[in-house]
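Below: one structure, written as structure tokens.
Nothing in this text is a laboratory measurement; each read-out follows from the coordinates by a stated rule. Note that the coordinates shown come from a computational prediction; the quantities given were computed from them, not determined experimentally. Every residue, glycine as well, gets a Cβ built from its backbone with ideal geometry; the counts of neighbours run over all protein chains shown.
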Amino acid sequence: MTEEQGSQWVSSEKDSFLFANIPATYYQTPIQELLERGGRIKKALGKDLLILAHHYQQDDTFSLADFSGDSLYLAQQAAKARAKYIVFAGVHFMAESADILTGDDQIVTLPNLTAGCSMADMADHDQVEDAFEQVEEITGAKVIPVTYINSTAATKAFTAQKGGVVCTSSNSGKILKWAFSVGQKVFFFPDQFLGINTALAMGIPREEIVLWRRDKHDGGLSPEALKRAKVILWDGFCSVHQRFTPAHVAAVRKRIPDVTVMVHPECPAETVAAADFSGSTSEILKKVTEAPKGSKWAIGTEINMVNRMARDFKAKDGKYIEVLNPTVCICSTMYRNHPAHVLWVLDHLAKGEVIHRILVPEPIKSQSRAALTRMLELSA
Ligand code: SF4
């Protein structure tokens with residue numbers, strides 16, 4: 001294969017890290033062939049196989065999915081799935097949630113085991129537990145832990161033990177409302193921005209929302225500040241969404257006066273305040289779908305999703321869509337699930353072999369299921 005033919009090949013110098021952990025025969029195969037072979041295995045395995053893909057997944061991998069959506073929708077699909085094999089084209093915590101919600105006879109795999117989430121990694125189980133206990137001790141209040149689904153199974157299990165619940169960006173308002181119906185304060189982790197945006201939208205004043213800093217004694221907070229707070233936020237964030245700023249909103253409004261700006265609630269509160277709307281990826285899709293033909297949008301979320309929307313909505317009804325921050329806002333870990341990785345997993349499944357299984361151990365699995373199931377019930 002020559003340099004000229006390179007565009008149809010997946011192997012290149014820059015991709016060497018991406019493909020470090022799979023055989024060269026896979027990453028040297030043209031994309032079209034990978035997709036055709038993947039399609040044949042899907043057909044052969046029929047109902048035994050379910051492929052789920054998050055909205056942020058790269059296009060080629062996305063095209064292999066049976067269902068695509070946001071974290072809540074994908075968790076709901078996993079919970080009702082009957083397939084023997086579930087291939088999750090997402091990141092590690094999503095595949096963990098799918099394993100927690102499926103039966104012991106079902107197998108969940110992640111095409112590339114290095115596809116993690118930097119935000120989930122910011123909330124270490126021991127650190128979270130220590131901080132929570134300190135908040136309880138200092139305030140003497142009934143504190144309810146609420147963990148964003150972008151977190152490890154161990155922290156979800158801890159949440160369940162303490163009477164808390166999981167949330168997603170689609171249902172965080174509903175979940176926080178429930179938490180305040182059973183407790184006096186909410187300990188929200190790992191995403192400070194989803195936490196503050198949800199709390200502000202519920203009308204909780206800023207003075208009653210505090211940030212627990214992992215690197216500080218007592219989170220860097222005085223006893224008075226903790227006692228006054230209704231919401232205590234962990235200091236995690238999404239490395240992709242924190243890149244959208246009010247300056248980007250101002251710039252696009254100046255350039256396109258009739259633009260509508262919509263951002264994900266993992267963006268900073270100032271960015272959400274400057275935008276016209278904020279919502280989960282499913283809400284973003286719904287809003288644009290229902291908008292008038294020819295409308296113009298600047299969207300603050302992951303670039304693979306925004307580029308796909310820009311292409312599809314332009315062709316469908318002439319809507320114009322661009323990403324709010326023109327410098328690369330890509331979820332580089334989600335991106336690691338290339339069709340070459342998916343096919344490598346599928347080839348094994350076709351032979352009845354399993355690689356890259358995500359298996360949450362007991363008792364974490366049963367405990368974390370309680371926090372996830374509570375979320376699904378509250379979201380129904
Ligand atoms: S976009 Fe951010 S929060 Fe979502 S999976 Fe990627 S790093 Fe994690």
### Task
For Thr25 paired with Val182, estimate the spin-label separation in nm (one decimal), with each label point 7 Å from Cα along the Cα-to-Cβ line.
5.2
### Task
Enumerate the amide H contacts of Val323 below 5 Å, restricted to partners 5 or more residues apart or on another chain; note that Pro and chain-start residues carry no placed amide H.
Ile299
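Just check the chain against the gyration tensor rule for me: Cα atoms, a ≥ b ≥ c as the square roots of the eigenvalues, rounded for a/c under 1.5, and otherwise prolate or oblate depending on whether a/b exceeds b/c. The partial results should precede the final answer.
On the way: a/c = 1.95, a/b = 1.30, b/c = 1.50.
It is oblate, given that a/c is not under 1.5 and a/b is not larger than b/c.
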### Query
Summing +1 for each Lys or Arg and -1 for each Asp or Glu, what net charge is found among the other residues whose Cβ lies under 13 Å from the Cβ of Phe193?
-3
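Nearest 5 is fine: what % of DSSP beta bridges in the chain come out antiparallel, could you say?
Numbers: 1 of 39 bridges.
DSSP beta bridges in the chain are roughly 5 percent antiparallel.
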## Note on the structure
Which residues qualify? For Val261, with a placed amide H closer than 5 Å and at least 5 residues away or on another chain, they are Asp276, Phe277, Ala298
### Extension gain (nm, one decimal) between Asp258 and Lys142, 0.36 nm per residue minus Cα-Cα
37.1 nm
### Query
What number comes out for the charge environment of Cys238, summing +1 per Lys or Arg and -1 per Asp or Glu over other residues with Cβ under 12 Å away?
-3
### Task
List the residues whose amide H sits under 5 Å from the amide H of Leu211, counting only those 5 or more places along or on another chain, with H placed 1.01 Å from N in the peptide plane.
Leu233
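Order the peptides 203-216, 291-304, 228-241 from the highest to the lowest mean number of other Cβ atoms within 10 Å of their residues. Numbers along the way, then the final one.
Working: 203-216: 14.4, 291-304: 20.1, 228-241: 21.9.
Ranking the peptides 203-216, 291-304, 228-241 by packing returns 228-241, 291-304, 203-216.
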#### Entry: Mean Cβ neighbour count within 10 Å, used as a protection proxy, ranking 26-36, 263-273 highest first
263-273, 26-36
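Report the FRET efficiency, 1/(1 + (r/R0)^6), for Met202 and Arg228, where r is their Cβ-Cβ distance and R0 is 22 Å, rounded to 0.05. Please list the in-between numbers first.
On the way: r = 17 Å, r/R0 = 0.77.
With R0 = 22 Å, the Cβ-Cβ based efficiency is 0.85.
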### Message
In the range 241-323, if the dipole is taken from +1 on Lys/Arg beta carbons and -1 on Asp/Glu beta carbons about the Cα centre, which of Met305, Gly279, Val263 is farthest to the positive end?
### Response
Met305
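As a check on your grasp of the helix formula, calculate [θ] at 222 nm for the chain: sum -39500 (n - 2.57) over DSSP H runs of n ≥ 4, divide by the residue count, round to the nearest 500. Walk me through the numbers on the way to the answer.
Details: 17 runs with 167 residues, N = 380.
So the calculated ellipticity at 222 nm is -13000 deg cm²/dmol.
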### Query
Could you give me the ³J(HN,Hα) list for the range 262-273, computed from phi with Karplus coefficients 6.51, -1.76, 1.60 and θ = phi - 60°, whole Hz, x at Gly and Pro?
9, 10, 7, x, 7, 7, x, 4, 5, 6, 4, 5
